[in-house]
Each structure stands twice: as C-alpha cells, then as structure tokens.
There are 2 protein chains.
Amino acid sequence: MNVTIINIGDELLLGQVVNTNASTMGRMLTEAGMAVGRTIVVGDNRKAIWQAVDSALHKSDAVLVTGGLGPTKDDITKRLLCDYFHSELVESETALENVRRIFAVRGFELTAVNRAQALVPKCCEVLNNDVGTAPCMWFQVEKGKSEATQDGLPHTVLVSLPGVPHEMEWLMQNRVIPKLQETFRTDIIINKNILTQGIGESFLSDLIEPWETSLPEDIKLAYLPVAGMTKLRLTARLPHDYPLSTFHFPLEGLYKIAGQYIVGEDCETLAELVHKTLTERGLTLATAESCTGGTIASQLTAQAGASVYFKGGVVAYSNEVKECALGVQHSTLEAHGAVSEETAREMAEGVRKRLGADIAIATTGIAGPDGGTREKPVGTVWIAVADATHTEAQLLSFPGRRRQQNIDRTVNQAFSMLIHLICQKH
Amino acid sequence: MNVTIINIGDELLLGQVVNTNASTMGRMLTEAGMAVGRTIVVGDNRKAIWQAVDSALHKSDAVLVTGGLGPTKDDITKRLLCDYFHSELVESETALENVRRIFAVRGFELTAVNRAQALVPKCCEVLNNDVGTAPCMWFQVEKGKSEATQDGLPHTVLVSLPGVPHEMEWLMQNRVIPKLQETFRTDIIINKNILTQGIGESFLSDLIEPWETSLPEDIKLAYLPVAGMTKLRLTARLPHDYPLSTFHFPLEGLYKIAGQYIVGEDCETLAELVHKTLTERGLTLATAESCTGGTIASQLTAQAGASVYFKGGVVAYSNEVKECALGVQHSTLEAHGAVSEETAREMAEGVRKRLGADIAIATTGIAGPDGGTREKPVGTVWIAVADATHTEAQLLSFPGRRRQQNIDRTVNQAFSMLIHLICQKH
C-alpha cells in the first residue's frame with residue numbers, strides 16, 4: 001500500500017520549524033510495512049491544502065494529514081475537510097469528553113475555544129487522543145471517488161492528526177497504524193544499518209561496488225553520510241506472507257571488502273552504538289568537553305538508561321575551568337595552549353580520575369566560525385580517550401568554518417575513537 | 001513569486017534522516033522575499049521525481065530540487081532532468097575543473113566515479129559549487145512550456161542542488177538566491193518573533209484575541225508552541241516597492257494585554273535570548289545539569305561567541321559527581337535525595353563558586369520514561385538559579401513520561417528563569 005503524508009503549517013514552509021513529523025511518521029510507517037510514496041508540505045492556506053488533499057487521495061491508498069487542528073485561528077484543516085467531504089461540523093461526544101478529562105487533570109477551566117475542539121465533520125470516525133485535546137479523525141473514502149487505489153483494496157483512507165509532535169506520535173502508535181494494518185494488506189519491510197567511519201562516501205562506493213552489484217533485486221542500498229560518518233542502509237521489501245526465518249542480508253561480502261571501516265550495525269547513530277557498547281560491557285564513562293560544549297553528554301543522556309554507565313562530565317569552556325575542574329596544569333595551558341594534544345590528554349585523564357570512571361573522553365578545538373590563528377586555524381580539534389592504563393590522542397583538521405558541522409563531526413569522531421578503544425582493550 | 005521545493009531521497013521518506021534542507025531553504029527564501037508555496041519529498045524513484053518536477057513546473061515560478069546528485073548509485077536526478085529537458089549529458093569543463101580542484105585540496109586521487117560528477121545536461125547552466133564536487137544546475141524553461149507562471153515574468157526556473165546540507169546552504173546563499181533575485185521581482189517579507197512563557201497556547205489565544213482581530217490584513221499571526229514555550233510569529237508581506245521606513249508591527253496592544261508573559265522579542269529560541277542578554281550585560285554563566293545532561297550547555301555553546309559569557313558547566317549525572325565536582329553535601333543527598341530543592345540550590349551555588357561565574361543555573365529531575373517513585377514521579381524536576389546574593393528554586397511537574405520532551409521543557413523553563421533573574425536584578 002502507498003501512503004502520502006501531508007504536513008500543514010506556514011511555520012514549516014517559512015523554515016521556522018523543522019518538519020520532524022514527516023520523518024517520525026515515515027519511520028513508524030516503514031517499520032509497520034507501509035511505503036510512504038511522497039510527503040507534501042503546504043501552508044495554512046485553504047486552496048493549497050485542498051489541492052494537496054485532492055491530489056493525494058487520487059494517488060494513494062491512505063493519506064495522513066497533520067496540523068491545522070489546534071484551537072487557534074490559523075488552524076483551518078477541520079473546516080476544509082468538512083467541506084471537502086460534503087459533511088457538517090457536529091460536536092462529538094467522544095471528543096468533548098476527552099477535552100473535559102484533560103482539562104480536569106490539568107486543573108484548568110474549559111473555554112469556548114477549547115470546547116470548539118470537539119467539533120468534527122459528521123462523516124468521520126473520531127480516534128480518541130489520550131494525550132491531547134485535538135481530535136484525530138478517520139475518513140473512509142468509498143472506492144470510485146478515488147480513481148487510483150490499489151487493486152483489490154476496499155477503501156481509500158484519510159486521517160487527520162494534530163501537528164503537535166508527541167500527540168501525533170502517540171496517535172500513530174496507538175490508533176492510526178493498528179487501524180491501517182486492519183484495513184490494508186501491508187508488505188514486510190526490513191532495514192539494516194551499517195555504520196562506517198574513516199572513509200568518504202565516494203571512496204566507499206568505489207570500494208564496495210562489486211558487492212553492491214551482486215545484491216538481489218528486492219534489496220536496496222543507500223548511503224547516508226552524516227557529520228563525518230557514512231551510514232549504509234539496506235532495505236528489503238518482502239510480500240506479507242514471506243517466510244521471515246529464511247531471510248538474511250548478504251553481509252559477508254561487505255565485511256570482506258570494507259570490514260576495517262565498519263564500526264557497528266543495527267544502530268541509527270554512533271551515540272546509540274556507544275550507549276549499547278558501554279551498557280553491554282558494564283563500563284562507566286566521563287566526558288570533558290571544550291569545543292563540543294556538552295553535545296557528547298547530551299547525546300548520550302538523551303537515551304533512557306544512560307545513568308547506568310554515564311557518571312557525568314565537565315564542559316570546560318574557559319581555561320580556568322580546565323584547570324580547576326579537570327586539573328589541567330597551568331604550565332600545560334601556557335606552553336601548549338588550550339587546543340593541544342597535551343591539554344586534551346590532561347583533560348581526559350583528569351576527568352576520568354576526578355569523576356571515578358573507567359573510561360573518559362575529551363575534546364578541545366576551534367569550532368569556528370572565528371577564533372583561529374595561523375598555527376591553529378578554525379577546524380583544528382584534539383580528541384583524547386583515556387582508560388586506567390592508556391591515553392590516546394588524535395588531531396582533526398576540518399576544512400570548513402561551519403560551527404555546528406565542526407562540532408557534530410568532532411562528536412562522531414570522538415564516539416568512534418571511544419568504540420575502538422573499548423573493542424580493542426575491554 | 002512562488003517557489004516549490006522538491007527534496008529527493010528514500011532516507012527522507014523512510015524517516016531515517018530529518019529533512020532539515022526544507023526548513024533551511026524555506027528560511028533563506030523567506031528572508032530573501034520569496035514565498036515557498038509547497039515542499040514535496042519523493043524517493044529515489046524516477047517516476048515519482050518526474051511527476052513531482054512536472055507538476056511543480058506547472059504551478060510555480062521557480063522549482064528548487066535537492067538530492068540525487070552524489071557519486072553513488074542511488075542518485076538519479078541528473079539523468080532524469082536530462083531526459084525531461086530533452087537534452088544530453090556532456091562533460092562540463094567548469095564542473096570538472098571544480099572536482100579536480102577539490103580533490104587536489106584534499107590530496108585524493110580522482111576516480112572515474114568522481115569524474116562522472118562533471119557530466120551535466122547540455123541545456124543547463126552550471127553554477128559553481130565552491131564547497132563540494134556535485135554541480136549545481138540552473139535550467140531556464142521557456143514560457144509556454146509551463147502554463148501557470150506569474151504574469152509578466154519571463155521564465156520558469158528549475159535549479160538542481162546537491163542534498164548535502166552545507167553544500168546546499170552555500171549554493172543557496174552565494175549562487176541561487178542572488179540569481180533568483182536578478183530573474184524575478186520579489187516581495188518584501190518581514191518577520192517578528194515574540195517569545196512567551198508561562199501560558200498555554202489556547203489561553204494565550206483567548207487572551208489576545210481582541211488584539212489579533214485588530215491586525216491589518218497584510219499581517220499574519222502564527223502560534224508556534226515548542227517545549228513549554230509559545231512563540232508568536234508575525235509576518236508581513238509587502239510589495240517590493242513599499243517604503244520600509246514607514247512600516248511597524250502594532251505591538252502596543254499585545255504588550256498591554258499579555259505583557260507579563262512576554263520574555264523577549266526577535267529571537268528564534270530562548271537559548272538565543274539568553275545568549276543575547278548575557279552578552280549585552282557582560283555577565284558570566286556556569287551550569288550544573290543533571291536531568292538535562294548537557295543540553296543547556298550545548299544549546300548555548302552552539303552559538304558563536306558563547307565563550308564571552310559561558311565559563312563552563314558540570315554534567316552531574318551521578319550522586320558522586322554532584323558531591324565531588326559541585327560540593328553538594330552528602331547529608332543533603334541523604335536527607336532530601338538528588339531530586340530536591342535543597343540539592344538544586346546547592347548545585348547552582350556550588351557550580352557558581354567553583355567555576356567563578358556571576359550567575360549559575362542547575363537542573364535535577366526524573367526525565368523518564370522510568371525511574372519515578374510515588375513521591376517523585378517521572379516528570380518531577382527542580383531548577384535553581386543563583387547569583388552572588390540570592391538563590392531561587394522552582395519545582396516543575398510535567399505530566400508526561402517522554403524523556404526528550406521533559407528535557408526540552410526543563411531547558412526552556414531554566415532559560416526563562418535565568419532571563420527573569422537577570423532582568424530583575426542585573
């Protein structure tokens with residue numbers, strides 16, 4: 001089955017909000033065996049929404065619409081869908097009860113604006129939203145109204161969801177995906193991620209071409225370069241009755257050719273791989289971050305269960321903090337500067353001892369866009385990893401002046417060094 | 001003029017990569033006075049790309065396409081555009097020279113795959129890409145081929161850009177936007193952000209309705225709720241010859257009704273507002289983060305110039321670190337626990353003194369999804385801010401168990417408390 005996603009919101013077109021809803025929905029639908037054929041973003045504009053809905057209904061088995069259901073004036077989806085389906089707005093008892101319940105829990109009084117959230121087109125089915133006041137609406141379009149539905153399927157479906165990310169996500173998980181799976185016959189999709197580091201996308205592509213060419217037709221390969229790392233994604237699409245126990249991805253050939261660049265499998269990010277590796281091996285970690293400014297710590301602690309291995313860290317932005325909180329020697333900073341191999345090593349060793357961790361990682365560098373010198377231009381970064389017996393340091397020289405890119409690449413390189421150290425020695 | 005953005009990539013539809021290109025392009029085009037009417041995402045699929053390009057060319061003055069230009073096999077845009085415009089692939093001397101230059105800088109040898117990047121459709125103009133090997137291609141479509149261009153404009157334009165975010169951004173800034181502005185007559189767009197905190201979207205909407213209703217027609221208002229904060233965005237679209245010195249947003253009425261909830265103007269985020277406020281007032285900051293795990297520090301240090309005011313921080317994830325790195329008393333942790341007003345206060349005071357900052361902020365809480373108790377359920381968070389004479393603490397009780405949401409809301413509430421403290425006392 002083929003799904004079109006329509007995300008509504010001027011803020012998305014204006015670029016003031018990143019459209020994470022599209023990727024969240026794409027990921028959830030893919031995991032549930034449904035194929036997203038296209039995503040469309042339109043503004044809070046009746047004509048544009050109407051056209052997008054109409055065109056999508058003619059090209060897809062299901063159309064999922066987010067946004068435009070809030071209580072404020074710039075939200076217009078509900079009235080438009082009511083007109084599109086030649087229906088009328090009625091107060092839904094289910095939706096009103098839900099709004100009342102949520103306001104009672106929060107201890108707020110119900111306003112007229114809030115109550116209006118319970119108005120829905122008469123022709124839709126309300127899917128109850130346990131985590132918010134905006135209703136989720138399921139419209140079943142009779143075959144014949146939509147010309148291009150998949151053969152043998154009884155309906156085209158349009159679902160309208162709120163644009164608030166966590167409400168959308170809850171509804172997708174608990175209401176929309178189960179109901180779509182009941183309604184349609186879905187394919188089985190299997191993904192496999194391989195994380196590589198230390199080789200550029202085009203070199204990797206040249207290297208593994210013989211293996212890539214040998215892949216069967218139902219397996220697709222994609223290259224996803226992110227901040228100095230290239231993720232290979234293999235996707236297999238199998239019919240719904242495929243015997244899963246007989247399926248495997250042919251990875252032997254890949255490891256034979258490019259094994260030295262592979263740092264891990266089955267993770268989306270290096271932070272996830274570090275999280276998994278440290279948890280499995282029962283090792284603790286401390287961080288000392290200068291140029292990455294807390295990003296390493298925040299990427300690790302964003303994952304539930306980080307407290308099992310993460311002791312804590314120091315964001316040592318100023319030289320005083322490098323001295324007082326990490327024990328970097330004043331003479332080291334004087335002689336070699338804050339961005340140096342010696343400082344990086346002392347940061348890693350200092351934070352490991354002071355915070356009582358098995359392993360520590362430290363970063364110090366010039367992220368940019370300014371602050372470079374002739375000897376140490378923007379993009380100069382030192383990373384050090386230390387355990388009880390050994391400290392290792394690495395110099396990175398990024399060509400660009402883009403601050404966030406230099407930070408993100410440093411973080412990934414630090415994670416990669418950490419994984420190497422752990423896998424070699426622990 | 002009306003722009004359609006088409007982003008190509010299976011990884012976007014599968015939700016493995018968030019489509020930041022769309023928001024970056026939307027923001028840049030908006031700031032340059034161009035209106036994005038719609039964004040379309042399609043996979044690495046010839047038929048889907050063809051349909052999207054064809055439909056967009058008929059509905060827009062300019063179509064900007066990203067993705068599918070890399071050296072790897074899943075990239076197909078270039079051949080498709082060549083066929084669509086009935087052209088042939090030729091080796092572009094400009095593009096080849098550029099590929100050669102970049103490989104020389106990096107000290108790599110040119111492979112056949114890389115050299116193929118210099119092949120472009122004969123009918124396009126190559127816009128030189130100083131920061132990458134993929135060419136940017138400008139196609140001018142004669143009027144008549146496209147039915148619905150804006151009256152009086154000579155052309156419809158299609159531009160194909162690489163999907164790598166920093167290459168796309170550099171090309172937009174330095175090549176594409178200047179050339180679009182030469183080619184089309186663009187409107188003037190003015191945005192104004194008002195950051196509010198401490199009031200939900202629907203209550204705010206009720207409160208300011210009289211003011212909202214009084215806004216002139218050429219000014220649009222949008223509500224952008226993010227992690228416990230609501231950003232109001234006013235957008236004015238003015239004709240290209242409007243006398244800008246006479247324009248102002250009518251904000252007096254808004255301040256009269258809702259002034260107490262407004263924390264700042266002209267910033268996208270509270271982190272940006274904190275950055276601005278601390279820089280302007282010459283105050284220094286230190287952070288002590290438990291449940292936010294370094295996110296406060298990383299959001300501040302993501303901004304160039306943070307070293308002016310940010311001394312550093314401690315990510316005090318374990319109790320030992322709260323004691324050894326921040327000086328929280330063992331007896332405090334024993335008597336009140338890590339998530340308590342007393343611990344939050346001692347964390348803020350401790351980090352302020354140890355790192356020698358004017359002001360400090362501390363967070364400690366249970367972000368979830370697990371780890372709560374009956375007395376302290378998931379979502380219980382204490383925040384404290386301290387200066388030399390005064391410490392203030394606040395209890396937050398978030399209803400949800402979603403880890404990232406609880407972290408993000410804590411960060412925003414911490415920034416808001418910080419701004420209040422600074423504005424009241426410094």
Test for B:Ala297: is it assigned to a strand (DSSP E or B) and crowded, with 17+ Cβ neighbours inside 10 Å: no
If a residue must be part of a loop (DSSP other than H, G, I, E, B) and either crowded, with 22+ Cβ neighbours inside 10 Å or of a type in the set (Asp, Glu) (or both), how many such residues does segment B:343-367 contain? 4
Is there any pair with a first residue in segment B:45-74 that is within 13 Å of chain A (Cβ to nearest Cβ) and a second that is crowded, with 23+ Cβ neighbours inside 10 Å and part of a loop (DSSP other than H, G, I, E, B) whose Cβ atoms are under 6 Å apart and which are 6 or more apart or on different chains, and what are they? B:Gly67/B:Gly9; B:Gly67/B:Gly163; B:Leu69/B:Ala134; B:Leu69/B:Pro162
Which condition number does B:Ser307 fail, the rest of (1) under 18 Å from B:Ser416 (Cα atoms); (2) under 25 Å from the mean Cα position of the chain (by Cα) being met? (1)
Looking at (1) facing another protein chain (nearest Cβ under 7 Å); (2) part of a helix (DSSP H, G or I), can you tell me which one B:Gly312 breaks? (2)
For segment B:315-329, give me the residue count where each residue is closer than 14 Å to B:Lys353 by Cβ and facing another protein chain (nearest Cβ under 7 Å). 1
Would you mind finding the one in A:Thr94, A:Thr111, A:Thr77 that is assigned by TED's automatic domain parsing to the domain that holds A:Glu31, in contact with an Asp or Glu (Cβ under 6 Å, 6 or more places away or on another chain) and at pLDDT below 95? A:Thr111
The lone exception for B:Ala271 - which of (1) more than 10 Å from every other protein chain (Cβ to nearest Cβ); (2) farther than 25 Å from B:Arg403 by Cβ it fails: (2)
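What do you reckon, is A:Ala258 buried (at least 21 other Cβ atoms within 10 Å of the Cβ) and touching a residue at least 12 places away in the same chain (Cβ under 8 Å)?
Details: buried (at least 21 other Cβ atoms within 10 Å of the Cβ): no; touching a residue at least 12 places away in the same chain (Cβ under 8 Å): yes.
The answer is no for A:Ala258.
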Can you confirm whether segment A:77-89 contains a residue that is buried (at least 17 other Cβ atoms within 10 Å of the Cβ) and closer than 20 Å to A:Gln173 by Cα? no
Kindly check whether there is at least one residue in segment A:25-35 that is more than 24 Å from A:Asn191 (Cα to Cα) and more than 7 Å from chain B (Cβ to nearest Cβ). no
Considering only residues that are among the hydrophobic types (A, V, I, L, M, F, W, C) and assigned to a loop (DSSP other than H, G, I, E, B), which ones fall in segment B:1-45? B:Met1, B:Leu14, B:Val17, B:Val18, B:Ala32, B:Met34
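Can you name every residue in segment A:287-302 that is within 22 Å of A:Gly264 (Cβ to Cβ) and at the interface with chain B (Cβ under 8 Å from one of its Cβ atoms)?
If we filter segment A:287-302 for residues that are within 22 Å of A:Gly264 (Cβ to Cβ), which is where we start, we get A:287, A:292, A:295-302.
Passing the criteria: A:Thr287, A:Thr292, A:Thr295, A:Ile296, A:Ala297, A:Ser298, A:Leu300, A:Thr301, A:Ala302.
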Could you tell me how many of the residues in segment B:324-375 are touching a residue at least 40 places away in the same chain (Cβ under 8 Å), under 15 Å from B:Cys291 (Cα atoms) and in contact with a strand residue (DSSP E or B) (Cβ under 7 Å, 6 or more places away or on another chain)? 14
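Are any residues in segment B:174-185 within 24 Å of B:Val126 (Cβ to Cβ) and outside any helix (DSSP H, G or I), and if so, which ones? Working first, answer last.
First, pick out the residues of segment B:174-185 that are within 24 Å of B:Val126 (Cβ to Cβ): B:174-184.
Matches in segment B:174-185: B:Phe184 only.
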Pairs please, first residue from segment A:390-419 and more than 14 Å from chain B (Cβ to nearest Cβ), second anywhere and in a strand (DSSP E or B) and among the small types (Gly, Ala, Ser), Cβ atoms under 7 Å, 6+ apart in sequence or on different chains. A:Thr391/A:Ala384; A:Glu392/A:Ala384; A:Ala393/A:Ala384; A:Ile419/A:Gly264
Filter result (surrounded by 13 or more Cβ atoms within 10 Å (Cβ to Cβ), among the aliphatic types (A, V, I, L, M) and at pLDDT below 95) within segment A:235-255: A:Ala236, A:Leu238
Selection within segment A:172-181 - buried (at least 17 other Cβ atoms within 10 Å of the Cβ) and within 14 Å of chain B (Cβ to nearest Cβ): A:Met172, A:Ile177
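The values are calculated or read from the model by the stated rules, or taken from the named source; none is laboratory data. Note that this is a predicted model, so its numbers are computed, not measured. Positions of Cβ are backbone-derived with ideal geometry, glycine not excepted, and every protein chain shown enters the neighbour counts.
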